[in-house]
């Protein structure tokens with residue numbers, strides 16, 4: 001057996017020769033593990049091996065230029081991507097045999113491309129759905145692996161003229177760079193051709209009467225020679241797109257543009273060869289140049305609009321430091337990490353996966369996930385999310401989730417879903433655009449017929465102007481660019497939009513309903529007020545009583561117990577601690593027994609007579625009077641008393657503690673601004689009536705409903721909707737999932753349950769309620785931008801069409817008008833970025 005040709009070193013990719021840069025991919029070739037620099041090289045190399053073409057490496061004389069280079073025809077079926085190990089990095093398997101993959105698709109130029117890809121793939125048996133983002137060129141496909149392999153889906157996309165690859169942030173950046181370079185090359189060819197042709201055309205226009213036939217014909221041939229590469233190379237992007245659409249019996253935007261270029265060029269060629277009529281090579285090169293320039297500016301704006309999603313993808317580092325079982329350290333690829341691994345995160349480094357802090361204490365910047373710029377202190381057992389940045393000192397973390405299971409991956413999926421899902425207004429625009437093209441062709445035919453009878457010499461060029469000026473690029477861009485820009489801006493603010501219809505529906509909201517605990521309040525109890533009664537038996541101060549209470553609650557996981565425990569800096573050591581579920585805790589300290597818990601728990605021990613003697617009974621009146629006498633009383637802005645616990649010995653009550661839920665920072669400002677914007681505000685809670693009423697009065701909320709079970713919350717929501725209200729629901733818990741799903745628009749708190757977040761249309765990652773008024777304002781601005789874009793796109797065509805049909809606009813002027821129309825729509829949408 002011949003040995004493989006030695007073209008690469010140990011630190012180079014065996015397939016393409018590029019540096020490995022820490023990548024840990026490999027493929028077994030001739031019984032040896034050969035290193036690969038990326039997933040693309042690994043996929044191609046594995047496909048070569050699987051198809052029995054190992055000789056490709058043994059006898060090659062040069063390296064493949066890159067991982068996705070052209071390979072033998074037998075390898076074009078994408079079989080490598082059916083490999084389970086390769087799919088781990090970009091495929092997520094769900095229930096009922098549903099798999100979901102993220103792809104990048106090359107070659108998309110307009111909404112017609114998106115429609116064609118989606119329509120073609122959805123006809124494949126086993127494909128549940130495919131959604132393509134016009135702005136980012138990303139696609140999400142859901143299919144059944146048992147019915148159809150992924151390679152067949154990729155081959156289908158390839159068969160209709162596009163290239164599909166598994167999503168990779170590096171590949172996406174390379175795709176954007178290559179797309180930009182190709183566009184600039186086309187613009188350069190068209191620009192140079194336009195300038196050269198204009199010189200010969202100018203000579204023909206100025207000196208036509210004095211110029212001899214030979215000179216005139218020479219200038220015509222010069223124009224033909226210069227224009228030919230412009231048409232063949234620079235204009236090819238229009239021709240390929242139009243042919244792709246026509247093959248699938250679809251009329252897209254590039255069909256009329258291609259017809260205009262081909263017809264004008266062909267007529268000019270005929271005039272040059274036969275030495276008859278007029279030539280318009282200058283028009284061909286000019287409107288090709290302006291069309292390409294408009295497309296380039298439009299593409300640059302698209303890339304900026306989708307930048308947030310790209311930034312999120314690139315948050316994770318390529319490598320990290322893993323601490324091995326023998327305490328040695330090794331630098332490994334993040335893709336190699338598994339759950340239970342321990343990694344070292346140095347100051348300034350990015351957290352590579354989700355996990356828990358094992359050792360160390362440091363501030364962590366979570367701005368890209370939550371929108372909050374202030375670092376968060378992390379210590380032992382605190383949660384770390386992949387993509388956040390360690391600031392102060394080293395941390396050791398145990399990995400709990402990697403790959404598609406991380407918080408960052410779920411955020412990216414939700415953001416993709418929001419940008420992929422099309423609201424009704426976008427679907428309407430796409431539908432109108434398709435019919436609009438058909439109308440253009442019919443109208444162009446009619447215009448040509450009329451002008452042929454009136455002035456045959458002008459008929460052809462006026463028809464060309466009609467075809468160019470009415471291209472509906474702006475119409476199809478009007479909605480998706482605005483939505484993508486808006487969702488990206490909201491993500492920077494800490495509000496993750498997870499469904500495409502959200503902004504459209506949010507602009508119609510009339511009522512905003514809040515859950516209480518965990519939404520308007522933090523859901524974390526704290527000790528607000530206390531009253532101590534010393535018994536003279538070794539207890540010398542209120543602080544010692546609190547330390548005793550904390551010692552009794554040391555092993556409790558109940559929120560009340562944790563609040564008491566956290567209120568003390570030095571809990572006392574209590575013996576024989578025993579928890580009584582639903583009542584409290586009993587224990588022994590310095591030979592005496594103590595209890596902390598509910599009034600019933602204490603009454604059961606002391607008896608009513610002893611309590612009546614000390615306090616006159618444990619009723620709310622005596623309790624309020626006792627707490628109001630406390631020197632540690634809080635101000636009048638405190639919430640109503642939700643929880644009170646008692647500390648007692650066998651002789652008497654020693655202390656009473658009032659625990660209160662904390663009002664979430666920004667709640668008052670949020671309600672104030674929402675009411676100023678004209679929304680009706682309501683608190684909908686399962687908590688006690690007096691607690692909810694107190695909070696409603698404090699925040700000046702319009703309405704409240706208390707002591708409601710989940711089904712009663714949903715019934716309350718339905719009643720509001722039956723009265724004509726369009727409701728935005730804000731909640732956080734599992735019990736809020738039904739009402740979140742039932743509302744027209746729903747927001748889940750970032751600290752809330754996973755079920756609530758999956759059910760909701762938006763997730764407030766920052767947990768900062770002051771963002772909510774900004775979100776509602778952004779929804780209104782987005783709606784206005786979309787309406788402005790659609791109005792402009794339709795208004796422009798209604799204005800320009802008569803001008804073109806009556807011969808006022810020359811073809812090159814029509815090209816400028818069409819490009820300007822599309823660019824104006826994109827720039828108008830980008831104004832939403834400045835609203836942040």
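Listed residues 489, 431; which is at pLDDT below 65, part of a helix (DSSP H, G or I) and within 29 Å of the chain's Cα centre (by Cα)?
Numbers: 489 fails: at pLDDT below 65.
Step by step, each of 489, 431 is checked, and only 431 is at pLDDT below 65, part of a helix (DSSP H, G or I) and within 29 Å of the chain's Cα centre (by Cα).
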Selection from the stretch 675-716 of residues surrounded by 15 or more Cβ atoms within 10 Å (Cβ to Cβ), within 30 Å of the chain's Cα centre (by Cα) and over 15 Å from residue 515 (Cβ atoms) yields 675, 679, 680
When the stretch 578-602 is checked residue by residue, the ones that are assigned to a strand (DSSP E or B) and farther than 12 Å from residue 644 by Cα are 578, 579, 580, 585, 586, 587, 588, 589, 592, 593, 594, 595
Scanning the stretch 784-804 residue by residue, those at pLDDT 85 or above and in contact with a helix residue (DSSP H, G or I) (Cβ under 7 Å, 6 or more places away or on another chain) turn out to be 785, 788
Within the stretch 308-322, restricting to residues that are modelled with pLDDT of 85 or more and crowded, with 18+ Cβ neighbours inside 10 Å, the one that is nearest to residue 176 (Cα to Cα) is 320
Scanning the stretch 335-361 residue by residue, those assigned to a strand (DSSP E or B) and more than 12 Å from residue 384 (Cβ to Cβ) turn out to be 342, 344, 359
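Restricting attention to strands (runs of 3 or more DSSP E) lying wholly within the stretch 611-697, give those where 3 or more residues are closer than 26 Å to residue 708 by Cβ and modelled with pLDDT under 85.
On the way: elements: 643-649, 653-663, 680-684.
Per the criteria, 653-663.
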When (1) modelled with pLDDT under 85; (2) outside any helix (DSSP H, G or I); (3) within 30 Å of residue 701 (Cα to Cα) are applied to residue 534, the one that fails is (3)
Among residues of the stretch 717-726 being surrounded by 14 or more Cβ atoms within 10 Å (Cβ to Cβ) and assigned to a loop (DSSP other than H, G, I, E, B), the residue farthest from the chain's Cα centre (by Cα) is 725
When every residue in the stretch 510-526 that is surrounded by fewer than 21 Cβ atoms within 10 Å (Cβ to Cβ) and touching a helix residue (DSSP H, G or I) at 6+ places or on another chain (Cβ under 7 Å) is compared, the one modelled with the highest pLDDT is 526
Item to complete: Take residue 728 and decide whether it is touching a residue at least 40 places away in the same chain (Cβ under 8 Å) and closer than 26 Å to residue 495 by Cα.
Response: yes
A careful count of residues in the stretch 24-67 that are assigned to a loop (DSSP other than H, G, I, E, B), under 23 Å from residue 333 (Cβ atoms) and modelled with pLDDT of 70 or more gives 2
For the stretch 318-368 the number of residues that are in the same structural domain as residue 389 (by TED's automatic domain parsing) and touching a helix residue (DSSP H, G or I) at 6+ places or on another chain (Cβ under 6 Å) is 2
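The values are calculated or read from the model by the stated rules, or taken from the named source; none is laboratory data. This structure is a prediction, so every number in the text was calculated from the model and none was measured. When we count neighbours, we look across all protein chains shown, and the Cβ atoms used for this are built from the backbone with ideal geometry, even at glycine.
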